[in-house]
1. Out of curiosity, is Gly215 outside the structural domain of Asn297 (by TED's automatic domain parsing) and at positive phi?
2. Against the conditions (1) surrounded by 16 or more Cβ atoms within 10 Å (Cβ to Cβ); (2) of a type in the set (A, V, I, L, M, F, W, C); (3) in a loop (DSSP other than H, G, I, E, B), where does Ala384 fall short? Just the number, please.
3. Return the residue satisfying two criteria in turn: it lies in region 73-127 and is over 19 Å from the mean Cα position of the chain (by Cα) and among the aromatic types (Phe, Trp, Tyr), and of such residues it is modelled with the lowest pLDDT.
4. Look through region 334-351, keep the residues that are within 25 Å of Asp122 (Cβ to Cβ) and in contact (Cβ under 8 Å) with a residue 24 or more places away in the chain, and return whichever of them is surrounded by the fewest Cβ atoms within 10 Å (Cβ to Cβ).
5. Scan region 172-203 residue by residue and report those that are more than 21 Å from Leu37 (Cα to Cα) and among the basic types (Lys, Arg).
6. Among the residues in region 355-373, are any assigned to a strand (DSSP E or B) and outside the structural domain of Arg38 (by TED's automatic domain parsing)?
7. Condition first: over 24 Å from Gln232 (Cβ atoms) and either within 25 Å of the chain's Cα centre (by Cα) or of a type in the set (Ser, Thr, Tyr) (or both). Now tell me which residues in region 332-352 satisfy that.
8. Mind telling me which of the residues Leu317, Leu309, Leu291 ends up being within 17 Å of Asp198 (Cα to Cα), out of contact with any helix residue (DSSP H, G or I) (no Cβ under 8 Å at 6 or more places or on another chain) and of a type outside the set (Lys, Arg)?
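The values are calculated or read from the model by the stated rules, or taken from the named source; none is laboratory data. Model, not experiment: these values are computed from the prediction. No Cβ is skipped: glycine too gets one built from the backbone with ideal geometry, and neighbour counts run over all protein chains shown.
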Amino acid sequence: MIGPGWAGNEREKPRAGGETKRRIAIVTGTRAEFGLLRPVMHAVRDRDDLELMVIAAGSHLVQPAKTYYEIKQEFDVIDSVPMQTVGRIGRWHDVESTGKGISRFARSFERLRPDVVVVLGDRIEAFAAASAASIGGIPLAHIHGGDLAEGVADEAMRHAITKLAHIHFPATETSASRIRLMGEPASRVHVVGSPAIDGLGGFDAMGDERAQEIGDPKVLLLMHPIGRPDEQEEAVASATLEAIGDRTTLCLMPNLDPGRVGIVRAIESHDVHAHVTVRDHLPRAEFVPLLKRLASNDGLLVGNSSAGLIEAGALGLPVVNIGPRQSGRERGSNVVDAAGENAGAIADAIGQAFQIQRASITHPFGDGSTGPRIAAELADVNLADPALLRKHFVEG
């Protein structure tokens with residue numbers, strides 16, 4: 001059934017000369033995914049035939065909501081969709097938040113009437129927006145579909161979003177192949193690279209003064225929970241800090257997924273040491289410069305963030321990847337996977353990472369032009385084609 005009011009391109013906003021401006025709603029729910037979506041937002045906003053509609057949701061709105069204000073500094077936020085509640089972290093709270101998000105996105109989309117909704121990745125914010133758009137009959141575009149991240153509960157949601165989506169923007173040909181194997185039409189699958197690579201050349205390495213303010217780290221620790229009990233997450237984070245030893249370290253706090261409390265406990269228990277600095281978050285305008293500084297000063301990124309596989313690979317920064325969070329995901333030659341989650345295995349991986357020849361690092365995530373490619377496809381897709389919304393399984 002066609003959803004509320006969708007009728008091809010007749011909702012597109014008139015422009016001078018009788019042309020229309022296509023409304024593109026881009027949904028962001030987390031600090032990390034906003035960093036990836038920024039170049040797409042800029043590319044959409046820069047086109048005369050597209051109108052950008054930014055919707056902030058989920059963890060952006062959890063107090064003190066620092067990342068929400070980062071978005072507001074750069075883009076007009078047309079709506080916000082609260083989902084999580086402060087202090088309520090766990091699987092059942094995520095279920096409740098997802099239901100709340102679907103309902104609230106439904107109201108938002110019905111009011112705003114976007115022509116296309118764009119989401120990225122696999123988190124509950126993207127899943128909630130994707131569910132509301134697909135059920136509501138609005139074309140849905142999905143960025144970074146087809147990836148594997150087998151160690152987290154979100155893995156199933158990424159592939160569920162793929163089946164809800166009508167337009168696919170995988171980062172690599174391998175991911176595109178998985179999407180086609182899931183029965184999605186090849187004509188709707190566009191390999192565009194990862195938007196995380198876009199704009200990296202526009203940042204300079206972090207200077208000495210700012211680096212000193214955050215402890216002038218040799219190691220950046222960025223570890224997120226994978227949904228295990230707090231005690232298990234705490235044990236792995238503690239083992240990682242033990243393996244890092246007395247190297248100057250900047251610890252960034254984890255995301256809001258179940259298990260966060262354990263990682264925070266591990267970090268805070270080490271905060272008393274002079275060589276460890278803790279920050280809640282670094283905006284991308286500082287995060288990328290820090291990665292560049294580490295890459296040029298024989299530093300490392302340690303943890304389980306996708307930034308270690310994507311941005312760090314593009315910048316030539318060696319990475320120690322710990323645990324199953326990124327299992328199955330493509331990676332560059334900058335990554336050393338720790339053989340276990342104990343201090344000994346992690347220390348061995350750190351030693352190997354320091355031996356990587358940085359000048360020879362390669363990665364599979366594109367050439368830094370993903371945002372414009374996505375914007376061009378969004379402008380060109382035929383929204384009046386009835387087949388766009390009629391999902392069907394294509395035999396391989």
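1. no
2. (1)
3. Result: Trp92.
4. Result: Glu341.
5. Arg178, Arg180
6. No, that holds for no residue.
7. Result: Gly332, Ser333, Asn334.
8. Leu309
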